[in-house]
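The values are calculated or read from the model by the stated rules, or taken from the named source; none is laboratory data. Source: prediction; values computed, not measured. Because the Cβ atoms are built from the backbone with ideal geometry, glycine has one as well, and the counts that use them run over all protein chains shown. Accessible surface areas use protein heavy atoms only, side chains included; no ligands, DNA or RNA. Shrake-Rupley method; radii C 1.70, N 1.55, O 1.52, S 1.80 Å.
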Amino acid sequence: MNNELICNYDLLGDQNFMLNKSIWDMYDMKQTRINVIDLIEKYKVAVTICINSTLLLDNCKAVNLDPNKVFNSCNQSKKDFTNMVDKYIEAENLVKITKPIIEWLTNTFNPKEKKYYNYCIANNYSEEYIREILGGISKNGLLPIKNSCLLKIALAFKIAVLKK
């Protein structure tokens, strides 16, 4: 492998950089935001599916029940059971791929981007709310924070949309 292509992610994660206007002006930020929100919503659903399935299986094991018998006794057909297992596997794979990237990305966010991510993207608070949290900044003051955060996520997951 070419040494010039090897990237030291630990160094990148310590920089807490923001992407500036000249970078995010190259992208359709409206569509990019939609893509990021869609990705995060799918991730949240996948996490919830994994939690639910894991808790159900753990409870079966705790009382020495065979999960196959539990599911079969719930009047679910084998096809339904297979579909449920397939959804769990898809969800688990999505979480395994997405979680480390999100964790790494949040290390590159500056404190304001972290707040934007935690409040607006991860927890669906309004932008008005985060503007107050950030000291009553204006919509224009929030824009660089918002766009940098969204674009970092979109670029990492290859869902950023270039302007035409």
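Could you tell me whether TYR88 is under 20 Å from ILE34 (Cα atoms), open to solvent by less than 80 Å² (accessible area, probe 1.4 Å) and assigned to a helix (DSSP H, G or I)?
The answer is no for TYR88.
Considering only residues of the stretch 109-153 that are of a type in the set (Asp, Glu) and within 26 Å of LYS163 (Cα to Cα), which is most open to solvent (accessible area, probe 1.4 Å)? Spell out the reasoning first.
To start, the set of residues in the stretch 109-153 that are of a type in the set (Asp, Glu) comprises 113, 127-128, 132.
Subsequent filtering for residues that are within 26 Å of LYS163 (Cα to Cα) retains 113, 127.
Values: GLU113: 0, GLU127: 54 Å².
If we take residues in the stretch 109-153 being of a type in the set (Asp, Glu) and within 26 Å of LYS163 (Cα to Cα), then GLU127 is most open to solvent (accessible area, probe 1.4 Å).
Report, by residue number, each residue of the stretch 112-145 that is of a type outside the set (Gly, Ala, Ser) and touching a residue at least 60 places away in the same chain (Cβ under 8 Å). Before you say what the answer is, go through the steps one by one.
As a first pass, look at the stretch 112-145 and keep what is of a type outside the set (Gly, Ala, Ser): 112-121, 123-125, 127-134, 137, 139-140, 142-145.
Matches in the stretch 112-145: GLU113, ILE121, PRO144, ILE145.
Within the stretch 24-40, is even one residue at pLDDT below 95 and under 12 Å from LEU150 (Cα atoms)?
Yes, that holds for at least one residue.
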